[in-house]
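Q: Structure in structure tokens, see below.
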Amino acid sequence: DAIRARLLTGNKPNYLRDWVYGGIDGAITTFAIVAGVVGAGLPARVILILGVANLLADGLSMAASNYSGTKTEVDELARYREIEERHIDLDPEGERNEIRQILKLKGLEGAALDGAVKAMTSNRKTWIDTMLVEEYGLSVNLRSPLKSGASTFVSFLLFGMIPLLPYMLGFSRALEIALATTVAAFFAIGSIKSKWSLQSWWWSGLETMLIGVAACSLAYATGWTADRMLM
């Protein structure tokens, strides 16, 4: 009963990847602005102006890109589904033979193969879904473009705000606090990201943290160098 109930619920789309995607980019790009401005010796007011502008503009850009990319997958699935609908209407026997060949390659034969073909092609949705997965290599369980874009945008704002908060709150050692909290955010994001890999949570966190620190160091060095060259 438990297995049947779990299978009947189906595979629900997971939006965790969209959160990780937006969070990493938000933390890196915003702290890169902080590091670059500090490296150039500019006042904290510039950090807040550029940081907030980045949060809104880059966050919306990331969300729009993720929305468009996910919608492309949805549109592709709809297109191939329409193709298979038309093929079944025009040549049902040919499409049944494709199902037969697919199942035969999976090891079915004889009466078992005949029964499986008959059962599968008796349900039009199952028939088409099988063709989409086996013939075109598509997934029939796609994420919502709107939810994907929204998840990326919200995550970008939340993690991108972290490097700016010490400056918004007027802390005296704002850069050091921003660095510490951003590094912690990188580690947290990486730990979450480990759900998609065979890496341990601490190694995935450390890896993401090092990537983020490298990007932020490059931004600081660029700002420092530009300031010296343009003096």
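Q: Suppose the filter is more than 21 Å from ALA27 (Cα to Cα) and surrounded by 13 or more Cβ atoms within 10 Å (Cβ to Cβ); does SER144 pass it?
A: yes
Q: Out of ASN66, ASN141, which single residue is farther than 30 Å from ASP227 by Cα, in contact (Cβ under 8 Å) with a residue 60 or more places away in the chain, not in a helix (DSSP H, G or I) and not aromatic (Phe, Trp, Tyr)? I'd like the intermediate steps shown before the answer.
A: Details: ASN66 fails: not in a helix (DSSP H, G or I).
On inspection, the qualifying residue turns out to be ASN141.
Q: Here's another thing I want to ask about it. When the residues of the range 93-126 are narrowed to those that are touching a residue at least 24 places away in the same chain (Cβ under 8 Å) and farther than 30 Å from TYR15 by Cα, which ends up most open to solvent (accessible area, probe 1.4 Å)?
A: Once the filter is applied, the top-ranked residue is ARG96.
Q: Restricting attention to the range 1-23, which residues are open to solvent by less than 40 Å² (accessible area, probe 1.4 Å) and of a type in the set (A, V, I, L, M)?
A: VAL20
Q: Of all the residues that make up the range 36-63, how many are touching a residue at least 12 places away in the same chain (Cβ under 8 Å), assigned to a helix (DSSP H, G or I) and open to solvent by less than 70 Å² (accessible area, probe 1.4 Å)?
A: Residues meeting the conditions: 15.
Q: A further question follows. Find the residue count for the range 154-164, including only residues that are closer than 16 Å to ILE28 by Cβ and open to solvent by 10 Å² or more (accessible area, probe 1.4 Å).
A: The total comes to 5.
Q: Would you mind stating whether ILE24 is part of a helix (DSSP H, G or I), more than 13 Å from the chain's Cα centre (by Cα) and either closer than 30 Å to GLY137 by Cα or not aliphatic (A, V, I, L, M) (or both)?
A: Spelling it out, it is not the case that ILE24 is part of a helix (DSSP H, G or I), more than 13 Å from the chain's Cα centre (by Cα) and either closer than 30 Å to GLY137 by Cα or not aliphatic (A, V, I, L, M) (or both).
Q: Same structure, new question: Within the bounds of the range 121-143, is there any residue that is under 23 Å from ALA215 (Cα atoms) and not small (Gly, Ala, Ser)?
A: No; the residues of the range 121-143 include none that is under 23 Å from ALA215 (Cα atoms) and not small (Gly, Ala, Ser).
The values are calculated or read from the model by the stated rules, or taken from the named source; none is laboratory data. Just so you know, these numbers come straight off a predicted model, no measurement behind them. A quick note on method: Cβ atoms are made from the backbone with ideal geometry, for glycine too, and the neighbour counts reach across all protein chains shown. In case anyone asks, the SASA skips ligands and DNA or RNA and just uses the protein heavy atoms, side chains included. Shrake-Rupley method; radii C 1.70, N 1.55, O 1.52, S 1.80 Å.
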